[in-house]
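Written out below as C-alpha cells is the structure these notes cover.
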Amino acid sequence: MDWTRQIDSYCERLDASYWAEPVNAVTNLAFIVAALIMWRRSGGDRIAQLLCVVLFAIGVGSYLFHTHAQTWAAIADVTPILFYILIYIYAINRVGWGLSLWPALGLTALFFPYAWLTVPLFQLVPGIGSSAGYAPVALLILIYALLLRRRAPELARGLAIGAGILIVSITFRSLDLPLCPQIPLGTHFMWHLLNGLMLGWMIEVYLRATLGKARAGG
C-alpha cells in the first residue's frame with residue numbers, strides 16, 4: 001500500500017497543497033465542538049464519554065484527510081467513524097433492548113455482515129457514489145427506530161431524527177462532485193456541519209434514554 005498516495009475526491013480540492021480544501025478542513029470544527037458540548041452533558045456516563053472522545057477523533061481524522069489528502073490520512077478519517085458506529089450500536093443494544101454485555105456485543109458484531117450485504121446494494125443507486133458506504137448506517141438507524149417504537153418511543157423518535165439528519169447529510173456529500181461546475185466550493189462541507197450536529201444529537205439521544213431508564217428503574 002502506498003501510504004502517501006495523493007487522493008483528490010472533492011470539488012474544493014484543485015491541487016495537492018495543504019490548504020487546497022480550507023472550507024472542508026475548517027468545518028471539521030463541527031465535530032470538535034459537538035464532542036466538547038456533549039462531554040459536558042455526559043454526566044460521567046462512560047459510554048457517552050467514549051463516544052465524545054471518538055467524535056473528537058473523527059474531527060481530527062477528517063481534518064488530516066482534507067489537508068494532507070493521502071492514504072494514511074484517509075484511514076485516520078474513516079477508522080474513528082467505524083468505532084463510533086460500533087460503540088453506538090452497542091450502547092443502544094444495552095439501553096434500548098436491555099441486553100447484557102455479551103448479547104449486546106454479539107448483536108453489534110452483526111454490523112459487519114450487514115454492511116457487507118447492503119453497501120453493494122446502495123452502490124447500485126445512481127449518483128450516490130462513495131456515500132454508498134454510509135447509507136447503510138442511516139438505514140440501520142431507521143430499522144432500530146422502527147423496532148423500538150413500542151418498547152422505547154422517545155428513543156425511537158430520537159433515532160429517527162438522527163437518521164433524517166444523516167440522510168440530508170449524505171445527500172450533500174453525494175452532490176459534491178455532480179454540482180461542482182455550478183458550486184465550485186462544493187457541498188462536502190455540509191456533510192461535516194450536519195454530521196457534527198447528527199453525531200452530537202445521537203449522544204444526546206443515548207443520554208436521554210439512559211436517564212429515562214434510570215428513572216423507570218427507580
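The values are calculated or read from the model by the stated rules, or taken from the named source; none is laboratory data. Remember, predicted model here, so these are calculated numbers, not experimental data. Neighbour counts are summed over all protein chains in view; Cβ atoms, including those assigned to glycine, are modelled from backbone coordinates with ideal geometry. Calculation scope for accessible area: heavy atoms of the full protein, side chains included, ligands and nucleic acids excluded. Shrake-Rupley method; radii C 1.70, N 1.55, O 1.52, S 1.80 Å.
Here is a list of conditions, (1) basic (Lys, Arg); (2) over 15 Å from Cys11 (Cβ atoms); (3) in contact (Cβ under 8 Å) with a residue 12 or more places away in the chain, and Arg150 meets all of them except one; can you say which number that is?
For Arg150, the failing item is (3).
Name the single residue that is surrounded by the fewest Cβ atoms within 10 Å (Cβ to Cβ) among those in the stretch 52-87 being of a type in the set (Ser, Thr, Tyr) and out of contact with any helix residue (DSSP H, G or I) (no Cβ under 6 Å at 6 or more places or on another chain).
Here the residue is Thr79.
So which residues in the stretch 18-51 are more than 14 Å from Leu207 (Cα to Cα), assigned to a loop (DSSP other than H, G, I, E, B) and open to solvent by 60 Å² or more (accessible area, probe 1.4 Å), if there are any at all? Break it down into steps so the answer makes sense when it comes.
Quick first cut of the stretch 18-51, residues more than 14 Å from Leu207 (Cα to Cα) only: 18-34, 36.
Applying the additional criterion that residues be assigned to a loop (DSSP other than H, G, I, E, B) yields 18-21, 27-28.
Across the stretch 18-51, the qualifying residues are Tyr18, Trp19.
Condition check: among the basic types (Lys, Arg) and under 22 Å from Cys11 (Cα atoms). Does Arg173 satisfy that?
The answer is yes for Arg173.
When you scan the stretch 18-68, how many residues do you find that are among the aliphatic types (A, V, I, L, M), within 16 Å of the chain's Cα centre (by Cα) and closer than 30 Å to Leu177 by Cβ?
11
So which residues in the stretch 171-189 are assigned to a helix (DSSP H, G or I) and surrounded by fewer than 18 Cβ atoms within 10 Å (Cβ to Cβ), if there are any at all?
Filtering the stretch 171-189 for residues assigned to a helix (DSSP H, G or I) gives 171-175, 188-189.
Thr171, the sole residue that qualifies.
Which numbered condition trips up Asp15, out of (1) acidic (Asp, Glu); (2) closer than 21 Å to Met202 by Cβ; (3) in a loop (DSSP other than H, G, I, E, B)?
(2)
From Leu193, Leu124, Leu166, grab the single residue that is farther than 21 Å from Cys11 by Cα and either of a type in the set (A, V, I, L, M, F, W, C) or in contact (Cβ under 8 Å) with a residue 12 or more places away in the chain (or both). Step through it out loud before you land on a result.
Working: Leu193 fails: farther than 21 Å from Cys11 by Cα; Leu166 fails: farther than 21 Å from Cys11 by Cα.
None of the others qualify; the one that does is Leu124.
Keeping to the stretch 101-132, report how many residues are surrounded by 10 or more Cβ atoms within 10 Å (Cβ to Cβ), outside any helix (DSSP H, G or I) and of a type outside the set (A, V, I, L, M).
Residues in the stretch 101-132 being surrounded by 10 or more Cβ atoms within 10 Å (Cβ to Cβ), outside any helix (DSSP H, G or I) and of a type outside the set (A, V, I, L, M): 2 in total.
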